[in-house]
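Undergrad: I have a structure I would like to understand better, so I am pasting it below and will then ask my questions one at a time.
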DNA sequence: CGATTCTTTGACTAGGATCAATGGGCGTGG
DNA sequence: CCACGCCCATTGATCCTAGTCAAAGAATCG
C-alpha cells in the first residue's frame, strides 16, 4: 500500500477531495511505480486495466496511424490523472517522456471506489472538463495555425504550464526547460522536426528567444511571441 | 417548466439517471428553446450562464482566431449536452447548424443540482470522457492526416454518427444526409472549401461514393473508403 | 575519446492554399 | 411557369508553406 497522507501531490491531485479514512482506503488500493523515460505504461488499443496519478515526471498521450505517424494528444504532469475510468481499452498510448513515478490503481477497484465517493468523481469531472477544453483549443492550433503560430503558441503554453513545476531557468516564467526534444515538439504540433527546428532558429535570429541549451528556452520578447501566436 | 417524462431524448440524455421526483425537480429548472439554423447560443469568451441538452437538430462548437479563421471543435447531436458546468466563460461558440430545439438550464442551478445527484454527475463524467476521447482522436486527424485521409475519415465517422438518427438515405448506414455544407466540412477538417470539394469530386470519379445532391452522401465502396482513411 | 543520437541546415518537391471564374440549385417574384 | 438573382459548389491556374531527402554539426554517453 501507499502512504497517501505524505504524498507529494496530495493537495493537487483528485485525492485532495478525500478525508483521512477515505485516503487510507484508497491508499490500500494503490501502489507507487517508477517508470523510466521512454517506457510505455499503456498501449493504444489494449485493454487498460489501470488508472493512475502522476507523482513525478512528464508523460505523453500518443495516437498513431498504421503507417507510423504519431500525434501527441496530451501531456501529463505531476498531480494529473492518467487512464480511462469506465472504459475498456485505452484510446491512446501513455509513455514517459522523463523518468517518472506514478501511483497506480486497478481500474475496476477505482471505478467502484469513485462510484461511492461523489467528491472524488466531481474532481475527476472538473479535471476532465478542463482537459477537454484544452484538447479543443489544441484542435484549433492543429487545424488552422501556421508553423510559426504553432511554435509560438506552444512555447507560451509551456511557459505557463511549467511555471510552479520547479522547471524554471532563472526563476521567471520566461525561462524554462522543456522536458522533451525537438521530435516530440513536432509530434505535439503536427509538424516535422525540420520545420520545428527552423522555426526556433528563425525566432532566435529575430530576437524573440534564446536557446541556451537543447532543452532550455528563454523567451526574450514575450509581446512579439504573443503577436506571433495569432 | 418542462415535461421531462415525455422528453424525446429522455432515455439517452444525462437525465436518464434520474428518478421521477428528481426529474420533476430538474424539469422545473429547465425550459425548452427553439434555435434557428445559424443562430449562436453561446459566444466564445463570453460568460456562459446556461447549460443545455439538445432535443433536436445539430449544433457546432467553434473556436476562432482573431483574424477570422474558424475551427469546428465539436458537433452536437440530439441527447448531447452543451455548456461548461463549473466554468465561467465558454471556451467556444455554440451555433446551430440546423433548426434546433434545446432544453436550457441556468448554470448555477444546474451545478448545484448536479452536486446533489451523483448519478447525474457520473453520467456527465462518462459523456465528458467520451467527448475527450473523440476530441483526441480528432487531433490525430488534424495534425497528421492528408486531405484525402481527412475526408474519408470524416465520411466514415458521419456514417456512424448519423445512423439511428433518422438521417439515413435509403436506410443503410452507407447513405446519409449531412446536416451541413462544404464550408462546414472544411472547418471540421482544417481544410479549405476548395480542397474539400476537390477530394469529394475525386472520390466520386474513383467510384468510392455518389453525391446525389449537395448534402447527400452514398458510400459505394466502404472498403476502399476505409483504406483511404489511413 | 569515439560512437551514437539529436539537431540544424540546405536543396528540392509536393500538397494544399489562394485567387479567380464558372456552374448549378433553389427560391422569389413577375 | 419561367426568369432572374443569389448562394453555394466546382473547377482551373498559380503560389507558397511545409514536407522530404540528404548531409553536416553538436551533445551526450559509455
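Undergrad: Under the convention of a label 7 Å out along Cα→Cβ, give the distances in nm from residue A:24 to the same position in every other copy, shortest first.
TA: For residue A:24, the inter-copy label distances come out at 4.3 nm.
Undergrad: While we're looking at this one, here's another question. Provide the FRET efficiency to the nearest 0.05 for the residue A:47-residue B:99 pair, computing r from the beta carbons and using R0 = 51 Å.
TA: Computed FRET efficiency for residue A:47 and residue B:99 comes out at 0.75.
Undergrad: Let me ask you something else. Going 7 Å from the Cα of residue A:67 in the Cα-to-Cβ direction, what parts of the range B:212-230 have a backbone nitrogen less than 20 Å from that spot?
TA: Counting only backbone N, you get B:222-230.
Undergrad: At residue B:67, label 7 Å along Cα→Cβ: distances to the other copies, nm, ascending?
TA: Ordered by distance, the counterparts are at 3.0 nm.
Undergrad: Another question about this same structure. So, in nm, how far is label residue B:119 from label residue B:31 when the simple model puts each one 7 Å beyond its Cα toward the Cβ?
TA: Using points 7 Å along Cα→Cβ, the separation is 2.8 nm.
Undergrad: What's the average, rounded to a whole number, of partner chain beta-carbon atoms within 10 Å of each residue's beta-carbon in B:14-20?
TA: Taking all residues of B:14-20 together, the mean is 0.
Undergrad: Between residue A:227 and residue A:195, take the C-beta separation as r, use R0 = 30 Å, and let me know the FRET efficiency to the nearest 0.05.
TA: Taking R0 as 30 Å, the efficiency between residue A:227 and residue A:195 is 0.90.
Undergrad: Using a 10 Å cut-off around each Cβ of peptide B:55-65, what is the average number of partner chain Cβ atoms that fall inside?
TA: 2
Undergrad: Here is a follow-up. What is the average number of partner chain Cβ atoms found within 10 Å of a Cβ in B:114-121?
TA: If you average over the peptide's residues, the count of other-chain Cβ atoms is 3.
Undergrad: Let me ask something else. In nm to one decimal, list the spacings between the residue A:3 label point and its equivalents in the other copies, with label points set 7 Å along Cα to Cβ, shortest first.
TA: In ascending order, 6.3 nm.
Undergrad: May I ask you to derive the relative contact order of chain A, considering only C-alpha pairs under 8 Å and at least 6 residues apart, and to give it as an integer percent?
TA: 18 percent
Undergrad: Efficiency by 1/(1 + (r/R0)^6): what FRET value for residue B:160 and residue B:137, r their Cβ-Cβ distance, R0 = 22 Å, to the nearest 0.05?
TA: So the FRET efficiency works out to roughly 0.95.
Undergrad: In degrees from 0 to 90, rounded to the nearest 10, what is the angle of the helix B:193-205 Cα long axis to the longest principal axis of chain B?
TA: 60 degrees
Just so you know, all these numbers are worked out from the coordinates, no wet-lab data involved. Every value quoted in this text rests on a predicted model; they were computed, and no experiment measured them. Positions of Cβ are backbone-derived with ideal geometry, glycine not excepted, and every protein chain shown enters the neighbour counts.
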